[in-house]
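The values are calculated or read from the model by the stated rules, or taken from the named source; none is laboratory data. All values reported here derive from a predicted model rather than from experimental measurement. Every residue, glycine as well, gets a Cβ built from its backbone with ideal geometry; the counts of neighbours run over all protein chains shown.
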Amino acid sequence: MANTIAQVAESGLCCGCGTCAGVCPTEAIRMNVSQGLYVPEIEDEKCSRCRVCIESCPGHSVDFKALCSKIFGGQPENTLLGNYLGCYIGHSTDDEIRYNSSSGGIVTQLLIFALENNFIDGALVTRMRKDNPLEPEAFIARTREEVISASKSKYCPVAANIGLRQILKENGRFAVVGLPCHIHGVRKAERVFKLLDKRIVLHIGLLCSHMVNFAGTDLLLEKMRIKKEQVRKLNYRGKGWPGSMSVEVKHRSNLSIPLIGGWNAYWPVFSSFFFTPMRCTMCPDQTSELADISLGDAWLPELKYENSGESIIITRTKAGEDILALAASAQAISIKRVDAEKVKQSQAVNLTFKKNDLTSRLPLLSLLGKETPKFNPEINATGSPIALLQAFFIYFNIRLSSNKYFKSLLVYVPFPMFRLYYGMYKFLSLI
């Protein structure tokens, strides 16, 4: 087990979440990009050896049992979804926000509602930098305009929890938005810093199957014949649902490619696990189980032709349930309650990957000589032959896309071939 943040990074367990940099009392840790991912770099002369970073780090361990007891007062009855109070489908009633978000605009609308009604003083969110549109930037949004600037998914590494540094310095009530690993880090940091526990009043978790490193975006730009220095603005989602990746290019016409649904869609490149960090395949949390409220795309057959977007919503605490109900009562959002089975249906492939198939990946990871995180409760390392075959598919593609020679060949593979290739993995999921 890792004893320092440096060891976490060296062992391949770092999530790149930025929690260690955000909570370091001496600001001795910076998050730098290495091999397409954010990793911590420690300035030894500043480090006080206080161990706050390692105690807050979700990369090497997450004690789900202890955190669930603290947050929810008990362990989940539903092992796939975690603790929850209610499940919903909904969207923003602001047509512009809904159209320009990833899936219905619920996160954006909830934050705007919470700010404008003084439930929070700011929200820790992420946007792409204006001066470097290919690099994400975590910041505290305090206005409607700033919240909107952070809408849409970012399919690249995000060290969002660097923003905890600012929350520790300022009085006020804050919301945080992040992927499961970010929420894990926030919850662990709150056990170390009671000030964080007091100031963060709303945790909004995003559903996540896996992250994509920066090389994934580089590949898409190369396939679109766009040089990185030509990019003025990049959005991975937006313009309806399921949306498109749009790129504003200097001295050229703007370009876009669809997320899914067409032979030239780009998501099959990423869903085939090319450019996926190995640590993502070790995570057992697809629905942000430690959040107050969790949200993601409502991938349901009846919503297949819903072009404006709908969100699957899971409320887990009174804080999450209350803000959702108040926003709905004020007609800022439109929601309808659904059964938990609808949530499982909408996330079936990803839940199987994160939950059921993890038990087959762990033995393969051991064979590959990889260290794995410590979770509580422990995950039973048994699995099916089909899931083991899927695990081989995943790790084969991760290794291939990390090879510089093979990576250069991917530029010449047509998008339809990625769709057919991903079909092999999906076929195994259906068996």
*Just checking, how many residues over segment 237-253 are assigned to a strand (DSSP E or B), among the hydrophobic types (A, V, I, L, M, F, W, C) and under 23 Å from SER103 (Cα atoms)?*
2
*Looking for whichever is within 21 Å of VAL212 (Cβ to Cβ), buried (at least 19 other Cβ atoms within 10 Å of the Cβ) and modelled with pLDDT of 95 or more here; the options are VAL39, VAL33, VAL23, VAL62. Which one fits?*
VAL39
*Just for strands (runs of 3 or more DSSP E) wholly inside segment 254-339: which have at least 1 residues that are touching a His at 6+ places or on another chain (Cβ under 9 Å)?*
293-297, 311-315, 333-337
*If we keep just the residues of segment 335-351 that are surrounded by fewer than 18 Cβ atoms within 10 Å (Cβ to Cβ) and of a type outside the set (Lys, Arg), which is farthest from THR315 (Cα to Cα)?*
VAL349
*Any chance segment 85-105 includes a residue that's in contact (Cβ under 8 Å) with a residue 12 or more places away in the chain, part of a helix (DSSP H, G or I), of a type in the set (Ser, Thr, Tyr) and surrounded by 24 or more Cβ atoms within 10 Å (Cβ to Cβ)?*
no
_Verdict on ILE204 being of a type in the set (A, V, I, L, M, F, W, C) and over 30 Å from SER11 (Cα atoms)_ = no
*Tell me, which residue of segment 106-132 that is touching an Asp or Glu at 6+ places or on another chain (Cβ under 8 Å) and touching a residue at least 60 places away in the same chain (Cβ under 8 Å) is nearest to LYS227 (Cα to Cα)?*
MET128
*Looking only at segment 142-155, which residues are in contact (Cβ under 8 Å) with a residue 24 or more places away in the chain and either charged (D, E, K, R) or buried (at least 24 other Cβ atoms within 10 Å of the Cβ) (or both)?*
ARG142, ARG144, VAL147, LYS152, LYS154
*Among (1) in contact with a Phe, Trp or Tyr (Cβ under 9 Å, 6 or more places away or on another chain); (2) buried (at least 20 other Cβ atoms within 10 Å of the Cβ); (3) small (Gly, Ala, Ser), which single condition is ALA391 missing?*
(1)
*Restricting attention to segment 252-274, report how many residues are touching a helix residue (DSSP H, G or I) at 6+ places or on another chain (Cβ under 9 Å) and under 12 Å from ARG237 (Cβ atoms).*
6
*From (1) among the small types (Gly, Ala, Ser); (2) in contact with an Asp or Glu (Cβ under 7 Å, 6 or more places away or on another chain); (3) at pLDDT below 95, pick out the condition that doesn't hold for SER308.*
(2)
*Selection from segment 180-210 of residues that are crowded, with 24+ Cβ neighbours inside 10 Å and not in a helix (DSSP H, G or I)*: HIS203, ILE204, GLY205, LEU207
*Exactly one condition in (1) surrounded by 17 or more Cβ atoms within 10 Å (Cβ to Cβ); (2) out of contact with any Pro (no Cβ under 9 Å at 6 or more places or on another chain); (3) under 20 Å from VAL349 (Cα atoms) is not met by ALA332; state its number.*
(3)
*asked:* For the structure I just gave you, tell me whether LEU430 is at pLDDT below 85 and loosely packed, with under 14 Cβ neighbours inside 10 Å.
replied: yes
